[in-house]
Amino acid sequence: MLTSLVKENDAISQKHQLLLLLDSSDFALDLENRLRSSNYTLCKGHSTNLSKIMLQNYDLILLDEHSASVSNEISIPVLYMCSEWNKSRIFDYDDFILKPFSSEELQLRIEKLIKKQHKTVKTVKTVKTVKSETLGMTHSCYIDGNARLVYIDKQPKHLTPKEYKLFELLYINNGQIISIDQIIAKLWPANSDATAKDVQQYIYSLRKKIEPDLSKPWIIQNQPGFGYKLMAYIQYKESA
């Protein structure tokens, strides 16, 4: 169950709504005081058993290393707070920050993630057609930037945050080749040690969800030695 704090009464002065998932009471109290001084709206939880509807009320989740993992199916960014490098957990989230950290660094990370979350396709829906000349297959695809959903032939595909970012990167570049380094810069923090193998893993997981036939993937094309691209061209635009 979610244990809620009473949200701060000075809501007019608040900037963003943050959900804190913490287990360490001493650390939690210190963190709350820091964030309160920066005028964030706060809600604290001790469980990740939260509905997606509830999560939509927040701009960002702050997850402590001692808390249970958050599902990677959620659509809002997660900042993971940890005392040591743990690649297996860090790579599941949008960014991480190593303890101890300053209030200034924490606020910069929070604002950066929220800004990235809001910079997406929103008011205009650009529908693209992906077509295979050799297979004689055609599919439509588009992104709902508000819901962070990808649609293939009008069917929603529920992607993890990193899968969504990867598809969005290929989608907005409209058939241009995106290098491995560009993908790493988009999907992982600058101080991560992500490699081409990590990119390949997410390409594979994304293909599993959007390719009609995983044994013959063609919507996402691999350009050996260069990177990946989406086999798409703009078909039409319509208001969202």
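The values are calculated or read from the model by the stated rules, or taken from the named source; none is laboratory data. In this text, all values refer to a predicted model and were calculated from it rather than measured experimentally. Note that each Cβ is placed from the backbone with ideal geometry, even for glycine, and that neighbours are counted across all protein chains shown.
Any residue that is in contact with a strand residue (DSSP E or B) (Cβ under 6 Å, 6 or more places away or on another chain), at pLDDT 70 or above, part of a helix (DSSP H, G or I) and not assigned by TED's automatic domain parsing to the domain that holds residue 220 - is there at least one of those in segment 87-100? Reasoning before the result, please.
We begin by selecting, within segment 87-100, every residue in contact with a strand residue (DSSP E or B) (Cβ under 6 Å, 6 or more places away or on another chain); these are 90, 93-97.
Of the ones still in play, those that are also at pLDDT 70 or above are 90, 93-97.
Among the residues that remain, those that are also part of a helix (DSSP H, G or I) are: 90.
Of the ones still in play, those that are also not assigned by TED's automatic domain parsing to the domain that holds residue 220 are 90.
Yes, there is a match, as at least one residue in segment 87-100 is in contact with a strand residue (DSSP E or B) (Cβ under 6 Å, 6 or more places away or on another chain), at pLDDT 70 or above, part of a helix (DSSP H, G or I) and not assigned by TED's automatic domain parsing to the domain that holds residue 220.
Being modelled with pLDDT under 75 and loosely packed, with under 12 Cβ neighbours inside 10 Å is the requirement here; does residue 154 meet it?
No; evaluated as a whole, the condition is false for this residue.
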Matching residues, segment 181-195, being more than 20 Å from residue 116 (Cβ to Cβ) and either surrounded by 14 or more Cβ atoms within 10 Å (Cβ to Cβ) or among the acidic types (Asp, Glu) (or both) | 193
Matching residues, segment 183-209, being among the hydrophobic types (A, V, I, L, M, F, W, C) and either touching a Lys or Arg at 6+ places or on another chain (Cβ under 6 Å) or part of a loop (DSSP other than H, G, I, E, B) (or both) = 187, 188, 190, 194
Restricting attention to segment 197-224, which residues are of a type in the set (Gly, Ala, Ser) and loosely packed, with under 14 Cβ neighbours inside 10 Å?
-> 215
Test for residue 215: is it assigned to a loop (DSSP other than H, G, I, E, B) and closer than 23 Å to residue 80 by Cα | no
